Amino acid sequence: MERVDIKVGFYCNNQCAFCVQGRKRDFLPAKSVAEIKAALIEAKDKGKEEVVFTGGEPTLHPEFLRLVEIAKDLDFKQIQIQSNGRRFAYLDFCLKTIKAGATQFSPALHGHQAKIHDLLTDAPGSFEQTVAGIKNLKKLNQYVLTNTVITSKNYKFLPEIAKLLISLGVDQFQFAFVHILGTAEKNKDWLVPRNSKIMPYVKKGLDVGIKAGKKVTTEAIPYCLMRGYEEYIAEKIIPTTRIYDAGFVVEDYGQYRLNKGKIRRKECEQCQFGNECEGPWKEYVELYGWSEFKPVKNNPKKYARK
């Protein structure tokens, strides 16, 4: 099913070092209910059947529950809340959100302990609240899929993060390489690791989930680095998505990634995954160059993990 992504506002109670939205929270107010409802109706008319509420932190929108109710009334088949998960530490808020119509929850966890997660979010106590939120949602039998942004401060702990997520009972988890925009661009000198360094830990983390029978994915890691793990690349399954951002609309996020977000070079045409791989974020290549990315040739067992 095709999806619509609604950015309801940019205020957030975290101050993440990797936030692609930068300081939009400082000058952009929350969107009105009327504006968001109009976007939902338009998206529905264009055949979108899934909606993701995001931001900023969508649960902080003053009419958050009403927005979820509107999506339910419009008969969206899936209503996902992409969140830092902190408000779900309150069981009553979980119950209200579920009653309003939410069907999926996507909290973000960036460390296996508070020391790392709270450092990256610049919000003391956020780890404890996010973990409590995941526990509450699973206690209520909700589908929980988490996202972990890979940075220089947490990549060595991806297997430990995966183990924590399994212990919390999440249904699905993803490791997403940091996108060097917004606040992440400001912090790139200390925040962004080299792809070649993270890969052993990414694969070990995926193995934890695979062994536990969970759905696991990576995002923004090119195929040439995912040898043996190609089937876990998220870009293969991301639905066609229309994004309502701050005063503009991205008609197709997949085309945006291909045309503006990511980059490929001539040598990529020689790779057996050349028609599938989107390449790395262009900002990564500007920072570190192409040396880590090598075309994959004549690999008849391309999905055989080592």
**Complete:** Exactly one of K236, K215, K266 is farther than 24 Å from C16 by Cα, touching a strand residue (DSSP E or B) at 6+ places or on another chain (Cβ under 6 Å) and surrounded by fewer than 18 Cβ atoms within 10 Å (Cβ to Cβ), and that residue is K215
**Item:** Pairs with Cβ under 9 Å, 6+ apart, first in the range 207-224 and under 17 Å from W281 (Cβ atoms) and in contact (Cβ under 8 Å) with a residue 40 or more places away in the chain, second of a type in the set (G, A, S) and crowded, with 17+ Cβ neighbours inside 10 Å
**Value:** T217/A176; T218/A176; E219/A176; A220/A176; A220/G261; I221/A176; P222/G279
**Prompt:** How do the pairs read when you match residues in the range 47-63 that are free of Cβ contacts under 8 Å to residues at least 40 places away in the same chain and crowded, with 21+ Cβ neighbours inside 10 Å with residues anywhere that are in a helix (DSSP H, G or I) and among the β-branched types (V, I, T), using Cβ under 8 Å and keeping only pairs 6 or more apart or on different chains?
**Reply:** T59/T97
**Request:** All but one of (1) modelled with pLDDT under 95; (2) more than 30 Å from Q78 (Cβ to Cβ); (3) part of a helix (DSSP H, G or I) hold for C224, so report the exception by its number.
**Result:** (1)
**Item:** Check on P239, within 22 Å of the chain's Cα centre (by Cα), farther than 23 Å from H112 by Cβ and part of a loop (DSSP other than H, G, I, E, B)
**Value:** yes
**Request:** Give me the pairs, please: first residue somewhere in the range 148-166 and under 11 Å from P193 (Cβ atoms), second residue anywhere and small (G, A, S) and part of a loop (DSSP other than H, G, I, E, B), beta-carbon distance under 6 Å, and either six or more positions apart or on two chains.
**Result:** N154/G111
**Message:** Residues to consider are A102, A71; find the one that is buried (at least 20 other Cβ atoms within 10 Å of the Cβ), among the aliphatic types (A, V, I, L, M), in contact (Cβ under 8 Å) with a residue 12 or more places away in the chain and assigned to a helix (DSSP H, G or I).
**Reply:** A71
**Item:** Considering residues of the range 1-41 that are of a type in the set (G, A, S) and part of a loop (DSSP other than H, G, I, E, B) only, the residue surrounded by the fewest Cβ atoms within 10 Å (Cβ to Cβ)
**Value:** S32
**Item:** Single residue of T97, T59 found to be in contact with a Ser or Thr (Cβ under 6 Å, 6 or more places away or on another chain) and either more than 30 Å from N187 (Cα to Cα) or part of a helix (DSSP H, G or I) (or both)
**Value:** T59
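The values are calculated or read from the model by the stated rules, or taken from the named source; none is laboratory data. All values derive from a computational prediction rather than experimental measurement. Ideal geometry is used to build each Cβ from the backbone, glycine not excepted, and the neighbour counts take in all protein chains shown.
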